[in-house]
Amino acid sequence: MFKSKIKEVILCFKAGRVTAPFPLGPEPNPPQDGYRGKIAVDVEKCIGCGGCANVCPPRSIKITDTDHTRILEYFLSRCTYCGRCAEVCPEGAVTMTREYQLATNDLNDLYIRSEIYMGTCGRCGRCFKPKTILDRMMVTGFQPGDLS
Ligand code: SF4
Ligand code: SF4
């Protein structure tokens, strides 16, 4: 019994260090190309089509329409990193980053909200994003965000 324990100890010391001191040291295996980490949304590119919300399996993207504004909310705590939203986005507004260290005690770290001023089609009633600021002002009037 005692002998086997000594053997075990010797074996353990022979193996040397098998763990990396990350995050105190360098990252041992950084994510490679094509890694699907936290999603990023480029609000400027988004046209508010809703494609990402339609295909999201866990329903982590919520769309709310008010008079001339479409609000997109991304609840990343529900995200399964499937990448469907990035695949279908016609404008390339959603991308998968390599960020994977997402542990947090503040849910706001995993929340993205964007508001898009939209016009309403006179024929079908569906929302669309006016192409230019001038077009937008024609349908929505002046908005506080117009000058930024
Ligand atoms: S990566 Fe998948 S689960 Fe996450 S927001 Fe996009 S579609 Fe939804
Ligand atoms: S992020 Fe892309 S898919 Fe989602 S609403 Fe905007 S343009 Fe459409």
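Taking only pairs six or more apart or across chains, which ones have beta-carbon atoms under 6 Å, a first residue in segment 35-62 that is closer than 12 Å to Cys85 by Cα, and a second residue that is among the aromatic types (Phe, Trp, Tyr) and open to solvent by less than 30 Å² (accessible area, probe 1.4 Å)? These pairs meet every condition: Ile61/Tyr74. The condition of being out of contact with any Gly (no Cβ under 7 Å at 6 or more places or on another chain), away from ligand 2 (no atom under 15 Å from the Cβ) and closer than 30 Å to Glu27 by Cβ holds for only one of Thr104, Thr132, Thr66, Thr120, that being Thr104.
Counting residues in segment 74-83 that are modelled with pLDDT of 95 or more, on the phi > 0 side of the Ramachandran plot and of a type in the set (Phe, Trp, Tyr) gives one or more. Evaluation of Val9 against the conditions (1) modelled with pLDDT of 90 or more; (2) farther than 27 Å from Gly119 by Cβ; (3) β-branched (Val, Ile, Thr) shows that the sole unmet condition is (1).
Entry remark, segment 23-63: residues being of a type in the set (Phe, Trp, Tyr) and either loosely packed, with under 12 Cβ neighbours inside 10 Å or at positive phi (or both) number 0 in total.
In segment 39-62 there is at least one residue matching the filter, namely being under 14 Å from the mean Cα position of the chain (by Cα), over 19 Å from Asp109 (Cβ atoms), assigned to a loop (DSSP other than H, G, I, E, B) and near ligand 2 (Cβ under 8 Å from one of its atoms).
Once segment 75-104 is narrowed to residues that are touching a residue at least 40 places away in the same chain (Cβ under 8 Å) and in a strand (DSSP E or B), the residue that is most open to solvent (accessible area, probe 1.4 Å) is Thr95.
The values are calculated or read from the model by the stated rules, or taken from the named source; none is laboratory data. Small disclaimer: the values here were computed from a predicted structure and weren't measured. Note: ideal-geometry Cβ built from the backbone for every residue, glycine included; neighbour counts use all protein chains shown. What goes into the accessible areas is simple: the full protein's heavy atoms, side chains included, and nothing from ligands, DNA or RNA. Shrake-Rupley method; radii C 1.70, N 1.55, O 1.52, S 1.80 Å.
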